[in-house]
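Below is one structure, written out as structure tokens; comments come after it.
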Amino acid sequence: MEEMSLKVYNSLTKKKEEFVPTEKDKAKIYVCGPTVYDYIHIGNGRAFVVFDVVRRFLRYLGYDVTYVMNLTDIDDRIIERAERENTDTQTITVKFIEAFFEDTEALGIERADIYPKATDHVQDIIELIQSLVDRGLAYQVNGDVFYDVSTFASYGSLSGKRIEDLVAGSRVAVDESKKNPLDFTLWKSQKPGEPGWQSPWGMGRPGWHIECSTMSMKYLGQTFDIHAGGVDLVFPHHENEIAQSEGATGKKFVKYWLHNGFLQIGGEKMAKSLGNFKTVREILKKVPTEVMRLFFLQKHYRSPIDLTDQGLQAAGSAANRLNRFYQKLQDMVMTEAPLEEESLNEKELQVLNTHRRLKSELVEAMKDDFNTPVAVSRLFDMVRELNALLTKDNLMDGERALLSQAKQDIEEVDSFFGFLRSKGSGANSELVNGLMEILIDVRKELRSRKIWDLADKIRQELDKNNIALEDKGQETAWRVK
Ligand SMILES: [Zn+2]
């Protein structure tokens, strides 16, 4: 059977296309990162998880992947927050960059190869703006520099918007200094009290869009393979990135644009004003990493997703089922046994063939624009097929070899899913279990000696860390809340 090639849905052409990278066997990916003025919200979390899976799957297919994610560390919102908290912008950005790394790690996301910061690239940004000015695509008014969208014929091709419609529908107050209301800022002149850098147009700071054009091309080249982000970034951010980059280089900027769908909460748009705004760290206090990832990946990345308690619970029991299965598999297959098909009986051979078919369907689904809902359901089909063997007390050699193969396969596909709890981490690990046993023992001892305050302290401190103790007769159980 001929293997299917990887297909990705390109937002630019609105079609699924075969993935053909600019350089053979390499994949260069840029994902728009956070503006570091607050904790990342669960919608950001979804985007970072789905593109983490895209990256890992490309690596699984054998591509040498370079993955770049920018950190926007100069922005109006950062300046506002610094003013509100009576501090400087750096104090804000250092704090939230650290929080960003903690939160993405807690989501099981692998680190990018490069995390360029805007403030480290101001010179590069100035050079790109200057080349746009030199080419007559940008103009300066009183220390501000704007991109002249009328000079870029294909402006609007990514978002499918026409300049005339945008102008007519534009509700932004007309800025007298701009030639056209759609012209966007490349360089902002410095206002009193704001951070600023020297430039040919005076003191000021870069706009957001030009930052991504500059840093993506600097690290991945003038034409690279995948540019990704949330669907809310299509317009104006990504539209403007194309205009800036292609305007400056005259070359195609990005081959494939990937956008993930919106995240809603209980059927409503997530917004601070609606009081349903959820940060990643808030949710991860209650929801383990693998459950969050499974919840996201049960939906296709381009579809909207609705975060509900029921949805999380369902993902939770599925993740538990998978991990219980994997735990058992690990216990039963202590040593790796080579699989010799000729030694299998007919029934074992049948199980093996079904297992292989499911695994190949899983991979094919991933190759079809990262169809994770189908891929995840194939993984659970694999678990169901193999479960029958795990209930046996004595395994035949053939069965053991088969399970050993299955274990390898499941670990292999988990290299891009990230659903399996690693030993030594997660609430059910041996280490945590062992430590909890010690604490429960000490508390029991304290109670028997009537040292109530210390015994209560153990309960209270555990409670603060979301661990509940439940006394049932002589026994005490614990659970993560
Ligand atoms: Zn960006």
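Rule-based calculations on the coordinates, nothing more; no lab input. Computed from a predicted structure; not experimentally measured. Methodologically, a virtual Cβ is constructed for each residue, glycine included, from the backbone with ideal geometry; neighbour enumeration extends over all protein chains shown.
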Could you list Trp201, Trp478 so that the one with the fewest beta carbons within 10 Å of its beta carbon is first and the one with the most is last? Trp478, Trp201
If you stretched the chain out fully between Ala168 and Asp88, how much longer would it get, using 0.36 nm times the residue separation minus the C-alpha to C-alpha distance? 24.8 nm
The alpha-carbon center of the stretch 460-476 and that of the stretch 351-410 are separated, in whole Å, by 38
Cβ crowding within 10 Å averaged over residues, with 295-302, 88-95 ranked highest first: 295-302, 88-95
Efficiency of FRET from Cβ geometry, Asn353 and Arg111, R₀ 45 Å, rounded to 0.05: 0.70
Give the aspartates and glutamates reachable from Lys191 as a straight Cα distance under 19 Å; neighbours fewer than 8 places away on the same chain don't count. Asp73, Asp75, Asp76, Glu80, Glu83, Glu85, Asp88, Asp144, Asp175, Glu176
Would you mind telling me the antiparallel percentage of the DSSP bridges in the chain, rounded to 5? 50
Roughly how many whole Å is it from the C-alpha centroid of the stretch 98-158 to that of the stretch 270-313? 29
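Can you list which of the GluC sites (Glu not before Pro) found in the stretch 27-120 are DSSP loop residues with at most 11 other C-beta atoms within 10 Å? It would help to have the intermediate numbers written out before the result.
Numbers: sites: Glu80, Glu83, Glu85, Glu98, Glu102, Glu105, Glu110; in loops: Glu85, Glu110.
Listed in order of number, the matching sites are Glu85.
If packing is taken as the mean number of other Cβ atoms within 10 Å per residue, what is the order of 24-30, 276-282, highest first? Numbers along the way, then the final one.
Values: 24-30: 19.1, 276-282: 16.6.
Ranked by mean Cβ neighbours within 10 Å, highest first: 24-30, 276-282.
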FRET efficiency, Leu395 to Arg479 (Cβ-Cβ, R0 35 Å, nearest 0.05): 0.60
Partners for Lys472 among aspartates and glutamates (Cα-Cα distance below 19 Å; same-chain residues under 8 apart left out): Glu437, Asp441, Glu445, Asp456, Asp463
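How big is the dipole moment of the chain about its Cα centre under a simple scheme where the beta carbon of each Lys and Arg is +1, that of each Asp and Glu is -1, and everything else is neutral? Debye, nearest 20, please. If you can, show how the numbers build up before the last one.
Details: 65 positive and 76 negative charges, 199 e Å.
Roughly 960 debye for the chain.
At 37 °C and a viscosity of 0.692 mPa s, what translational diffusion coefficient does Stokes-Einstein give for the stretch 430-480, taking Rh as the Kirkwood radius over Cα pairs? Give it in µm²/s as a whole number. Intermediate values should be presented prior to the final figure.
On the way: Rh = 11.1 Å.
After rounding, the answer is 296 µm²/s.
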By the mean-Cβ-within-10 Å protection proxy, highest first, 460-471, 394-405, 8-19 rank as 394-405, 8-19, 460-471
Students often get this wrong: which residues of the stretch 201-237 have the backbone nitrogen under 11 Å from the point 7 angstrom along Cα-to-C-beta of Lys252? 223-225
Quick one: compute the contact order of the chain, relative version, from alpha carbon pairs under 8 angstrom and 6+ residues apart, as a percent. 16
Within straight-line cross-link reach of Lys392, aspartates and glutamates at Cα separation under 17 Å, skipping those fewer than 8 residues along the same chain: Asp331, Glu348
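From Cα pairs below 8 angstrom and at least 6 apart in sequence, can you work out the relative contact order of the stretch 286-417, rounded to a whole percent?
So the answer I get is 35 percent.
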Of Lys161/Lys251; Lys117/Lys269; Lys285/Lys450; Lys95/Lys272; Lys7/Lys252; Lys14/Lys278, which sit over 25 Å apart, Cα to Cα? Lys117/Lys269; Lys285/Lys450; Lys14/Lys278
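Find, to one decimal place in angstroms, the Kirkwood hydrodynamic radius of the chain, where the mean of 1/r is taken over every pair of different Cα atoms and then inverted. Please list the in-between numbers first.
Working: mean 1/r = 0.0391 Å⁻¹.
Every distinct Cα pair counted, the radius reaches 25.5 Å.
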